[in-house]
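Since the structure comes first, as structure tokens, the remarks are kept for the end.
The values are calculated or read from the model by the stated rules, or taken from the named source; none is laboratory data. None of the values given here were measured: they were computed from a predicted structure. Here the Cβ is made from the backbone with ideal geometry for all residues, glycine too, and neighbour counts use every protein chain on show.
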Amino acid sequence: MQTVTITKVPGTPGGHEFAKTLPGVTAPFGFFDPMGLIDDCAQEEILRFREAELAHGRVSMMAVVGCAVGEVFHPMFDVSGPACRQLDLVLQTPAGQSGGSVLLTAIFFSEIYRARTGWQPPKDAPFMLQKGYTPGDLGFDPLGMKPKDAAGLLSMQNKELNNGRLAMLGVAGIVAQELVDGTSVF
């Protein structure tokens, strides 16, 4: 049996002190790391965690909206019941499979764009964000809603993180409840 040695990637010292300088440290919890997961993390690793948190928060916010709307309004497909089972039903139809293909293609290209914008090429530095890249900032602001001042930007970032965190918990609760009792939440 071969022994694998895991070595930490060297980076800029980070830990709690660096994490406390990032957006997302808000009331009522303030800085929240109850398991001490970032005690020995470098800044680069903490920023990767933030990128993942933002990506999952954004997907979860859309998922909560999708659950709420999908259970009461579905004009294209004849499905009903809990939202956690509707995708299975939709993908059983030819139109659903076509729609799923379009959706997967859109996700594929948006993830390629996100990877090229925020991540260094794997051959150069695997699992490393671009130097100077702010997690979550893909440069996509077609409506011009990004605040120009630092205080407004921090406020918007805090709101996005808090809403994303709430959405992650919310969608997990919705799916768990629907799986347990088989009825729709909405």
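Residues of segment 39-59 that are surrounded by 14 or more Cβ atoms within 10 Å (Cβ to Cβ) and over 19 Å from the mean Cα position of the chain (by Cα): Cys41, Ala42, Gln43. Residues that are part of a loop (DSSP other than H, G, I, E, B) and aliphatic (A, V, I, L, M) were ranked within segment 116-142; the one that is farthest from Thr21 (Cα to Cα) is Ala125. So in segment 1-43, with the set limited to residues that are of a type in the set (D, E, K, R) and farther than 21 Å from Glu160 by Cα, which one is modelled with the highest pLDDT? Per the criteria, the residue is Glu17.
Evaluated against (1) under 26 Å from Glu51 (Cα atoms); (2) assigned to a loop (DSSP other than H, G, I, E, B), Ser184 falls short on exactly one condition, (1).
Taking only pairs six or more apart or across chains, which ones have beta-carbon atoms under 7 Å, a first residue in segment 56-70 that is within 13 Å of Ser184 (Cβ to Cβ), and a second residue that is polar (S, T, N, Q) and assigned to a helix (DSSP H, G or I)? Cβ pairs passing all conditions: Gly70/Gln86.
Scan segment 28-37 and give yes if some residue there is touching a residue at least 24 places away in the same chain (Cβ under 8 Å) and out of contact with any Cys (no Cβ under 8 Å at 6 or more places or on another chain), otherwise no. The answer is no, given that none of the residues of segment 28-37 is touching a residue at least 24 places away in the same chain (Cβ under 8 Å) and out of contact with any Cys (no Cβ under 8 Å at 6 or more places or on another chain). Could you tell me which of the residues Met145, Met156, Met168 is out of contact with any Phe, Trp or Tyr (no Cβ under 8 Å at 6 or more places or on another chain), part of a loop (DSSP other than H, G, I, E, B) and of a type outside the set (Gly, Ala, Ser)? The match here is Met145.
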